[in-house]
Structure formats: structure tokens, C-alpha cells
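What follows is a short report on a single structure.
The values are calculated or read from the model by the stated rules, or taken from the named source; none is laboratory data. This is a predicted model, so every value here is computed, not measured. Cβ atoms come from the backbone with ideal geometry, glycine included; neighbour counts cover every protein chain shown. Side chains are part of the model used for accessible areas, which takes the heavy atoms of the whole protein and leaves out ligands, DNA and RNA. Shrake-Rupley method; radii C 1.70, N 1.55, O 1.52, S 1.80 Å.
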Amino acid sequence: MDEAERVRLQFLLGRIQQLSNDHWHAFRRPRQAMGDHAWVGGASAKSFDQRLERSDAELHAQIRKALDLVQEKIGRPLAG
């Protein structure tokens, strides 16, 4: 990896982290509204809540994976 590639990866790492910071709570409000009974209950609401919970966990896992992959790549030595 050359220095230019390392700089691009550092930028990418910062961008992923910023997106994570900006959107980590994307599913929180709908789930909170459901918990506050703002939505009609029943089986469909429970199913939707479970899908939101799974999606939230998947979003966090994928963001973590992206951060880890870029950090791993940055940790490799420069081509010399």
C-alpha cells in the first residue's frame, strides 16, 4: 500500500465513522414509538418490532465490520 492509498483509507475510515455517528439510532424512534403504544398493536406490530430489532443489530454489525476491515487494511505496512 502506498501513502496515497493510506490517506484514502483514512478518509474512508473517517467517513464510515461519521455515518455511524449520524445514523446509529436510525431505528430507535420507530421502536420507541411502538413501545409507547403510538402505533396500533397486534401481531403485525410485534412482528415489525422484531424486524426493526434485527435490522438495527445488522446495521450495527455491518458498520463495525466495515470499520474493522478498513482499520485492518490501514494497519498493513506501506509498500516500499
### Query
Which one is nearest to the chain's Cα centre (by Cα), of the residues in the stretch 29-59 that are under 28 Å from Gln17 (Cβ atoms) and either modelled with pLDDT under 70 or open to solvent by 80 Å² or more (accessible area, probe 1.4 Å) (or both)?
Glu58
### Query
Restricting to the stretch 1-20, what's the tally of residues that are within 16 Å of Ile63 (Cβ to Cβ) and either modelled with pLDDT under 90 or of a type in the set (S, T, N, Q) (or both)?
4
